[in-house]
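**Q** Okay, handing you the structure first.
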Amino acid sequence: MQIVNLLMVVLLTPPVNLDDPTTILGSNEIAVEPLTDEFGSGSGSEDEFERRPGDFNHDDRLSSDDIDILSRAVLKGDSSLRFDLNADGKVNEQDRLYWIHSLKRTFVGDSNLDGVFDSSDHIAVQQTGKFGTGQPAGWSEGDWNGDGVADLKDQSYAAKFKNYEKRPNSIPSNLTMGIPEPIGLSLLGLGAVLILMGYTLLRRHLDRPHTA
């Protein structure tokens, strides 16, 4: 009789889904909810995704620190999803341009990130004392192409986009997608700044003590 009763209990008891962590396994046991991230997907972490795209240091704003972090990731070949801002499966220069044009809504060369690339940015770069020295530099110090130093290559890189003294609302769609316009130094103001930068480098070279 006990065997028959045992078989009846087994047959009449509904199956338990062991894969469901919310199932109550017993009267004295509490179901454990699965851990979820801020997106509710149950996967990923703050190291992989940002609350605000492009805010890599999690200070709730887009600053030069963020573009510097992204630039270093591109240089190191870091393929973390958090840096793939344009979702093309790659982490490269296009993600830097996406941060600049689409997220920050500014231009290459805007060192102080006030939304305009103009003489104030060149003055800010000169004041840091990093330009042309070969010392490690970031965006605010004149490293606009993301190679880790500030030199004439950054000036030439910014000139490719022909965005000197333009306003954020003048960013065309091709810039938003990170495709520069054809190279052309038609802006007299930018040309004068380039000459000034070259003169600064020459003066530093001449003022440097030379040994016989």
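The values are calculated or read from the model by the stated rules, or taken from the named source; none is laboratory data. Given the structure is predicted, the values throughout are model-derived calculations rather than measurements. Backbone-built Cβ (ideal geometry, glycine too); neighbour counts: all protein chains shown.
**Q** If you scan the stretch 104-148, which residues turn out to be buried (at least 19 other Cβ atoms within 10 Å of the Cβ) and more than 15 Å from Asn163 (Cβ to Cβ)?
**A** Correct list: Val125, Lys130, Phe131, Gly132, Ala137, Gly138, Trp139, Ser140, Glu141, Gly142, Asp143, Gly146.
**Q** Let me ask you something else. Yes or no: Asp78 in a loop (DSSP other than H, G, I, E, B), at pLDDT 95 or above and closer than 18 Å to Asn145 by Cβ?
**A** Details: in a loop (DSSP other than H, G, I, E, B): yes; at pLDDT 95 or above: yes; closer than 18 Å to Asn145 by Cβ: yes.
In short, yes.
**Q** Further, regarding this structure: Being of a type outside the set (Gly, Ala, Ser), assigned to a loop (DSSP other than H, G, I, E, B) and at pLDDT 95 or above is true for just one of Val125, Val149. Which residue is that?
**A** Details: Val125 fails: assigned to a loop (DSSP other than H, G, I, E, B).
It is Val149.
**Q** Can you tell me which residue within the stretch 52-75, out of those that are among the small types (Gly, Ala, Ser) and in contact with a Gly (Cβ under 7 Å, 6 or more places away or on another chain), is nearest to Val149 (Cα to Cα)? Spell out how you get there, then give the answer.
**A** Taking the stretch 52-75 and keeping what is among the small types (Gly, Ala, Ser), we get 54, 63-64, 71, 73.
Add one more test, that the residue is in contact with a Gly (Cβ under 7 Å, 6 or more places away or on another chain), and what stays is 64, 71.
Working: Ser64: 14, Ser71: 11 Å.
Top of the filtered list is Ser71.
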